[in-house]
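Reading through the C-alpha cells given below for one structure.
Taken together, the values in this text are just the output of simple stated rules run on the coordinates, not laboratory data. Given the structure is predicted, the values throughout are model-derived calculations rather than measurements. Here the Cβ is made from the backbone with ideal geometry for all residues, glycine too, and neighbour counts use every protein chain on show.
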Amino acid sequence: MDYEILFQPDDKKVKVRSQTNVLDASRRAGVRIPTRCGGKAGCLMCKIMVQGEEKEHCSPPELKEVRKLGTSMIEQGYRLACQTKITNHLKVIIPEDPLKAAIRKQLEAARNRDTDDFI
Ligand code: FES
C-alpha cells in the first residue's frame, strides 16, 4: 500500500510504499536531509520531527535509535529519518540547521529595521 508523506517546511509530498524509511522518501521527494553514515544510525545528522498523532503513522523507535537520540529527544518528537519507517500517511518536519536559523533571524531583523526606517 502506498502512503503520502509531506515534508515541511519545504511543503513537498511524495507517495511511497509502506515500510519505506523517511530518508529514502525524502530523496524521492527531492528534499535534502543531511546524512554522513549512509542510513546506519551512526551520524545523527538525519534528525526529523514527527509530532502529535503523526507518531502513530510510523514505526516506533527501536532500541538502537533510542540509545542514539535519548528518551528526552524521542519524547519531543525527534526521530532519525533513516530509522523511521512509514506505516501510514505522514507529516514530517525537517528541523532547520541552527546556523541557517541564526542567519535567517538576523536577515529578518535587518529587513524589519529597513522597513521601520521608511514608516
Ligand atoms: S543517516 Fe546517519 S543517523 Fe540517519
With the checklist (1) part of a loop (DSSP other than H, G, I, E, B); (2) within 14 Å of the ligand (Cβ to nearest atom); (3) under 27 Å from M1 (Cβ atoms) in hand, flag the one item N88 doesn't pass.
-> (2)
Criterion: in contact (Cβ under 8 Å) with a residue 12 or more places away in the chain and either surrounded by fewer than 15 Cβ atoms within 10 Å (Cβ to Cβ) or not in a helix (DSSP H, G or I) (or both) - qualifying residue of E4, E54 = E4
Pairs where the first residue, in region 21-38, is in contact (Cβ under 8 Å) with a residue 40 or more places away in the chain and closer than 16 Å to M49 by Cβ and the second is assigned to a helix (DSSP H, G or I) and among the hydroxyl-bearing types (S, T, Y), C-beta under 9 Å, 6+ apart = I33/S26
Can you name every residue in region 33-46 that is crowded, with 17+ Cβ neighbours inside 10 Å and either closer than 18 Å to L90 by Cβ or more than 12 Å from the ligand (Cβ to nearest atom) (or both)?
-> I33, C46
Note on V14: of the conditions (1) more than 21 Å from K100 (Cα to Cα); (2) within 16 Å of the ligand (Cβ to nearest atom); (3) not in a helix (DSSP H, G or I), unmet is (2)
Out of curiosity, is G30 exposed (fewer than 11 other Cβ atoms within 10 Å of the Cβ) and within 18 Å of D11 (Cα to Cα)?
-> yes
Could you list, in sequence order, all residues of region 57-77 that are charged (D, E, K, R) and assigned to a helix (DSSP H, G or I)?
-> K64, E65, R67, K68, E75
